[in-house]
Amino acid sequence: MRVLVTGGAGYIGSHTTLALLEAGHDVLVVDDLSNSSPTSLERVADLTGREPGFVEANVRDAEALDAAFTDFGPEAVIHFAGWKAVGESTQIPLTYYRENLGSTFTLLEVMATHGCRTIVFSSSATVYGDLSQPPFTEDSPTGATNPYGRTKHMIEQILADAAAADASLRVGVLRYFNPIGAHSSGRIGEDPKGIPNNLLPFVAQVASGRREKLMVFGDDYPTPDGTGQRDYIHVVDLAAGHLAALEYLTGHDGYHVWNLGTGNPTSVLDIRAAYAKASGVEIPYEVAPRRPGDVAASYANVELAAAELGWHAERSIAQACADTVRWQTANPDGYAD
Ligand code: NAD
Ligand code: WQD
């Protein structure tokens, strides 16, 4: 299949591009490199022996996107491109609405012009917010508590409306839980700019000596050790979930939503211990106040993806930590460009 991957130079996009190429698909990446490096795609080409096409453009640029569709003729799109930092989204909300909603509108319009009917969209478990208790099923109530989350929630609704209006559309919404880890080669991984917002990249930088200690945001949650619990999923498993979704959509019209997680809750202190074990380095930490907006626990009910996609996460937290250590050790400054 010819698959156009927006945001394919980024963390999850590069791992998925690799998986697509390995499975024999042809890939064209459209990415403006606003939060990534072209080096990720060079390494994907090295690892697979196959070159993904690449267009450096903002997905909101209808002319560039139209030209990419004309040249490549995609049969399906995976839409990763988007801004993703929750805290930043409260500072520059309009940028988040413009980039995340705007890119989706342009993409859907250009897809329609070119008769491309299949789209897989990167949503987030953030849409479950604190509206109900985990494990979350795809039917759990959704909403959002910050501009980033609202863009995901709105795009889900836009896609559902578009699919309701056009019975030939095939839409797969993937609600990722907490992606972690790196390709086992250690050659591609997560390369956050500045101080990492997410737990695992922060822990990795403490282990490598780049940061002094981990601040644990709250140890008085109603969880077994008092720290927040999340559903951490290996990025290579997540990438495989996209291929399973694409395959499902080739036989099913309409709008579909799947949780992609492991179903297992893991605490902040569990992650610290797992990373210390994988790296052989102690991770000093200090308990800090709760981070505003955090929930005590978030993890998936993963039955629907198993039943419909035949997909489940296979890799452990220990493996994700070992793979992150390999990536971090070989690339202490990320892609360094
Ligand atoms: P990332 O920042 O590494 O990748 C996103 C890519 O999109 C980057 O390469 C960036 O340069 C590009 N991009 C952003 N806006 C663009 C635009 N308008 N036009 C063209 N390119 C653009 O992030 P990621 O972690 O790989 O996340 C991929 C997707 O998954 C995002 O939509 C994100 O919101 C979603 N998601 C991520 C997580 C997570 O924790 N990483 C969790 C849930 C959902
Ligand atoms: C995990 C746990 C923190 C950092 C975010 C987004 C979500 C999704 C994934 C995109 C929590 C604790 C963290 C630190 C800590 N992204 N923590 N010290 O908040 O579950 O989800 O990323 O869609 O939308 O909200 O992930 O990695 O930030 O935090 O104690 O320095 O680690 O409090 O319990 P989160 P996270």
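The values are calculated or read from the model by the stated rules, or taken from the named source; none is laboratory data. Only a predicted model underlies this, so the values are computations on that prediction, with no experimental measurement involved. Cβ: placed from backbone, ideal geometry, glycine included. Neighbour counts: every protein chain shown. What goes into the accessible areas is simple: the full protein's heavy atoms, side chains included, and nothing from ligands, DNA or RNA. Shrake-Rupley method; radii C 1.70, N 1.55, O 1.52, S 1.80 Å.
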Computed over the chain, the relative contact order (Cα-Cα under 8 Å, seq sep at least six) in percent reads 19 percent
quick note, the stretch 117-276, DSSP beta bridge pairs, % antiparallel (nearest 5) is 10 percent
Out of S168, S298, S37, a Gaussian network model of the chain with alpha-carbon springs under 10 Å gives the largest mean-square fluctuation to S168
Ranked by GNM mean-square fluctuation in the chain (Cα springs under 10 Å), the top entry among L18, L269, L94 is L94
For the chain, the longest principal axis of the Cα atoms and the Cα long axis of helix 147-165 enclose an angle in degrees, to the nearest 10, of 30 degrees
Toy charge model, Lys and Arg Cβ at +1, Asp and Glu Cβ at -1: the stretch 158-306 dipole around Cα centroid in debye, rounded to 20, equals 460 debye
Sorting P292, A276, T90 by the position of each Cα along the dipole of the chain (Lys, Arg +1; Asp, Glu -1; all at Cβ), the one nearest the positive end of that ordering is A276
Looking only at lysines whose Cα falls under 24 Å of K84's and that sit 8 or more positions away or on another chain, we get K152, K193
Rounded to 0.05, the calculated FRET efficiency for the beta carbons of Q157 and D61 at R₀ = 25 Å is 0.55
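Can you give the accessible area per residue of the stretch 17-74, in Å², using a 1.4 Å probe?
Heavy-atom SASA per residue in the stretch 17-74 reads 45 Å².
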If every Lys and Arg gets +1 and every Asp and Glu gets -1 at its Cβ, then about the Cα centre the chain yields a dipole, in debye to the nearest 20, of 640 debye
On each of the three principal axes the extent of the alpha-carbon atoms of the stretch 1-128, given in whole Å and largest first, is 41, 32, 27
Between the alpha carbon centres of the stretch 1-42 and the stretch 93-114 the gap in Å comes to 19 Å
Bridge orientation stat for the chain from DSSP, antiparallel percent rounded to 5, came to 5 percent
Partner lysines whose C-alpha sits under 18 Å from that of K277, ignoring same-chain residues fewer than 8 away, are K213
Each label sits 7 Å from Cα toward the beta-carbon; between M1 and L94 the label points are separated, in nm, by 3.8 nm
Out of C116, A162, N146 - ranked by how far each Cα lies towards the positive end of the dipole of the stretch 89-187, with unit charges on the beta-carbon of charged residues - the top one is C116
In this structure, the FRET efficiency calculated for E51 and L304 from their beta-carbon separation, with R0 = 45 Å, to the nearest 0.05, is 0.80
If each K or R counts +1 and each D or E counts -1, the residues other than T70 whose Cβ falls under 13 Å of its Cβ total -2
Of every hundred units of 1.4 Å-probe accessible area on the chain, the number belonging to carbon and sulfur atoms, as a percent, is 50 percent
